[in-house]
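Quick note: the coordinates plus some simple rules give every number you see, no bench work behind them. All values reported here derive from a predicted model rather than from experimental measurement. Cβ placement follows ideal geometry from the backbone for every residue including glycine, while neighbour counts extend to all protein chains displayed.
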Amino acid sequence: MTGAGPRIVLVGSMGAGKTTVGTLLSDALGLEFLDTDQVVEAAVGKPVAEIFVDDGEEHFRALERTAVAEALVSHSGVLALGGGAVLDPTTRELLAGRPVVFLRVGLSDAASRVGLGVSRPLLLGNVRGRIKQLLDERTPLYASVARWTVATDGLDAAEVAQQVRALVDDGGHD
Ligand code: S3P
């Protein structure tokens, strides 16, 4: 895959820091940042948490699939995918050959980064238990689509962004 599409695609769990790191990266590189959750929210006119409650997860996943597919064509900056986007096989196929970075995070750091906020419907009720389950289920999927992996535990967002830049600068010219 050459030329078109995002310069960097960030994948990983809730609490991996995709939005924070993506914003830092895009500022540093003079690129635009796009987050597929924001695309879906703008399209529907309500927050992700409300889409889950009102319309269900399946509906959200369909909107997310479309948002990812369109962003992979139209966005040339830094793109962050929602944590569950890689569940979709079509999305995984579309990510093949792209500059995808997996921001890996362990249970402890992910739980402390997401806190106890209600904006993440999949974590309601038992934040640590749900994150553990999601990490177990999804880590192989993140790894399967990623060209690079950055282990983020114990690092702040600026340190993670630095590592992503080093990897992409080094090997991003495909
Ligand atoms: C989800 C992650 C969220 C959001 C939705 C579902 C998931 O995005 O898309 O709440 O399934 O992991 P972030 O990873 O940006 O928090």
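Some observations on this one:
- Annotation: amide H-H contacts under 5 Å for Leu10 (H modelled 1.01 Å from N, sequence separation of 5 or more, or interchain): Leu79, Ala80, Leu81, Val101.
- Placing a pseudo-label 7 Å from each Cα along the Cα-to-Cβ vector at Glu93 and Ser144 gives an inter-label distance of 1.3 nm.
- Extension gain (nm, one decimal) between Ser74 and Gln38, 0.36 nm per residue minus Cα-Cα: 11.4 nm
- Sparse-neighbourhood loop sites, GluC sites (Glu not before Pro) in segment 1-83 - DSSP loop, at most 16 other Cβ within 10 angstrom: Glu32
- Measuring r between the beta carbons of Ser119 and Asp27 and using R0 = 25 Å, the FRET efficiency lands at 0.60.
- Distance distribution note for the chain: the fraction of Cα pairs above 21 angstrom is 44%.
- Gain in span if fully extended, Ala158 to Ser108, counting 0.36 nm per residue against the direct Cα distance: 16.1 nm
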